[in-house]
Amino acid sequence: MIINENYTKLPGSYLFSDIAKKVNEFKSSHPEANIIRLGIGDVTKPLPPAVIEAMHKAVDEMGDASTFRGYGPEQGYDFLVNAIVENDYKIRGLDITADEVFVSDGSKSDTGNIGDILGLDNVVAITDPVYPVYVDTNAMAGRAGDLLANGKWSKLVYIPCTDENNFIPDLPKEKVDIIYLCYPNNPTGTTLTKAQLKVWVDYAAAHKALILFDSAYEAFITESDVPHSIYEIEGAKEVAIEFRSFSKTAGFTGTRCAYTVVPKALTGYTKSGEKVSLNKLWNRRHTTKFNGVPYIIQRAAEACYSEEGKKQVKATIDYYLNNAKIIREALCAQGLNVYGGVNSPYIWVKTPKGMTSWNFFDYLLNELNIVGTPGVGFGPSGEGYLRLTAFGTLENTKEAVERLKKIS
Ligand SMILES: Cc1ncc(COP(=O)(O)O)c(C=O)c1O
């Protein structure tokens, strides 16, 4: 038996374990310190009451022979798929049909698994810094080449997003076939306007490329010129797959529910140039390798779209956005360059005085007892930045902000 040797090229996943190690060391030498964690990428607020109520009801149904459900449709139950189509697309005038929606257990799985239906010779572009799953799953498949000393993979095309280009990715100079775009962005918290996203849709159309659009943070959009879906851009249905998740929207990080839209108008090509429907391929992959999200969880996700559910979801998002505003304003008041935090729970801050990401991390931990995430952990272009998140409590956020006033 021979293993998939691509796995041996992957570096260990050190970022969060390195952070934990540093925090634990600090704790043991300063047991009295009240450490505030603004590094977490997980939500802290519980599921909305409407969701819990729907889950309880679904649990009872599972205990009654007349309402019990076994295997469901792999693509998701009609009640949830229809609620998604109505509330996330129709309401915005977007014509996405039920058979273009695939309910799943998470956008991490979907953005990772989508490569199953894509050829290994495709040239893959990622924005840098980036959500690491895109990079690692391409490395596993063999599309990334080898990891170089500069922290880049030899075959990936890196598109830097820094303050130098105002976090707006430039089109690649070389032709690329697959482009991962994540907006609102993790980790930078920045967004693209409709006009800026159109540039990419047009590029994909002109180069027969595919856009993998991750909008896991769509619920945090507050500004009117920021598209909620890539399908708001003309021509996107021919070139883009969209990933959405209930994780950050409604607190489903531990409950697990997401969905992916693969339009029927979207085609890929065989080596001989024949057009093939990606919807058909993904349907085949999904129904073969996945057996559906639990009924109870799909009922829970459906409840996010009820009148009560919508209000409760919004209240939680507003709570996190208020934290983001507080952090953002405090850092700005200290004269730091701050990005994100307006349409996003992430605040991306440029380190002061040219510090490295890790130096600034150490300063915040040792002097202010605040934990952030070093930007360089998200890719080479993240060096010189640090990510803070708005997922903490309001009390902790306010306390952290008091301490941030001491940044010298
Ligand atoms: C950009 C991005 N995509 C996807 C995910 C994963 O979402 P899910 O919980 O649906 O797997 C995350 C989670 O942190 C994320 O930041």
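Here is how the numbers come out for the structure above:
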quantity	calculated
Matching option when the condition is farther than 29 Å from Ala50 by Cβ and surrounded by fewer than 20 Cβ atoms within 10 Å (Cβ to Cβ), among Glu232, Glu238	Glu238
Extreme residue, surrounded by the most Cβ atoms within 10 Å (Cβ to Cβ), among residues of the stretch 171-206 that are of a type in the set (Lys, Arg) and not in a loop (DSSP other than H, G, I, E, B)	Lys198
Odd one out for Arg92 among (1) surrounded by 12 or more Cβ atoms within 10 Å (Cβ to Cβ); (2) without any contact (Cβ under 8 Å) to a residue 60 or more places away in the chain; (3) among the charged types (D, E, K, R)	(2)
Boolean, Val157 is within 30 Å of Gly72 (Cα to Cα) and either surrounded by 16 or more Cβ atoms within 10 Å (Cβ to Cβ) or within 15 Å of the ligand (Cβ to nearest atom) (or both)	no
Conditions (1) free of Cβ contacts under 8 Å to residues at least 60 places away in the same chain; (2) of a type in the set (A, V, I, L, M); (3) not in a helix (DSSP H, G or I): number failed by Leu364	(3)
Meets criteria (crowded, with 20+ Cβ neighbours inside 10 Å and within 16 Å of the ligand (Cβ to nearest atom)) for Pro48	no
Out of Lys108, Lys155, sole residue that is outside any strand (DSSP E or B), basic (Lys, Arg) and within 28 Å of Tyr339 (Cβ to Cβ)	Lys108
Of all residues in the stretch 238-257 being under 15 Å from Val101 (Cβ atoms) and in contact (Cβ under 8 Å) with a residue 40 or more places away in the chain, the one that is nearest to the ligand (Cβ to nearest atom)	Ser245
Test: residue in the stretch 22-35 that is within 23 Å of the chain's Cα centre (by Cα) and not basic (Lys, Arg)	no
Residue check, Phe167 within 16 Å of the ligand (Cβ to nearest atom), part of a strand (DSSP E or B) and not β-branched (Val, Ile, Thr)	no
Which listed residue, of Thr97, Thr67, is away from the ligand (no atom under 16 Å from the Cβ) and free of Cβ contacts under 8 Å to residues at least 24 places away in the same chain	Thr67
Single residue of the stretch 288-309 satisfying the filter (charged (D, E, K, R) and touching a residue at least 24 places away in the same chain (Cβ under 8 Å)) that is surrounded by the fewest Cβ atoms within 10 Å (Cβ to Cβ)	Lys289
Subset of the stretch 118-133 that is surrounded by 19 or more Cβ atoms within 10 Å (Cβ to Cβ) and either hydrophobic (A, V, I, L, M, F, W, C) or part of a strand (DSSP E or B) (or both) - its residue that is farthest from the chain's Cα centre (by Cα)	Leu118
Looking only at the stretch 200-225, and only at residues there that are within 19 Å of the chain's Cα centre (by Cα) and more than 16 Å from the ligand (Cβ to nearest atom), the one that is nearest to Asp177 (Cα to Cα)	Leu210
Residue pairs meeting the criteria (Cβ under 7 Å; at least 6 apart or on separate chains; first in contact (Cβ under 8 Å) with a residue 24 or more places away in the chain and at positive phi, in the stretch 170-194; second outside any loop (DSSP other than H, G, I, E, B) and surrounded by 22 or more Cβ atoms within 10 Å (Cβ to Cβ))	Gly189/Tyr339; Gly189/Gly340; Gly189/Tyr346; Gly189/Ile347; Gly189/Trp348
Test result for Phe378, over 30 Å from Arg299 (Cα atoms), in contact (Cβ under 8 Å) with a residue 40 or more places away in the chain, buried (at least 20 other Cβ atoms within 10 Å of the Cβ) and of a type in the set (Phe, Trp, Tyr)	yes
Selection within the stretch 265-295 - outside any helix (DSSP H, G or I) and polar (S, T, N, Q)	Thr267, Thr270, Ser272, Ser277, Asn291
Given (1) in contact (Cβ under 8 Å) with a residue 12 or more places away in the chain; (2) farther than 19 Å from Ser245 by Cα; (3) away from the ligand (no atom under 16 Å from the Cβ), number of the condition Ser28 does not satisfy	(1)
Residue check, Ser247 more than 16 Å from Gly76 (Cα to Cα), at pLDDT 95 or above and buried (at least 16 other Cβ atoms within 10 Å of the Cβ)	yes
Selected residue [touching a Gly at 6+ places or on another chain (Cβ under 8 Å) and either of a type in the set (Lys, Arg) or within 18 Å of Val81 (Cβ to Cβ) (or both)] from Lys208, Lys275	Lys275
Residue within the stretch 321-330 that is away from the ligand (no atom under 16 Å from the Cβ), within 16 Å of Pro73 (Cα to Cα), among the β-branched types (Val, Ile, Thr) and surrounded by fewer than 23 Cβ atoms within 10 Å (Cβ to Cβ) present	no
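The values are calculated or read from the model by the stated rules, or taken from the named source; none is laboratory data. A quick note: this is a predicted structure, and the numbers were derived from the prediction, not measured. FYI the Cβ positions are ideal-geometry reconstructions off the backbone, even for glycines, and counts take in every protein chain you see.
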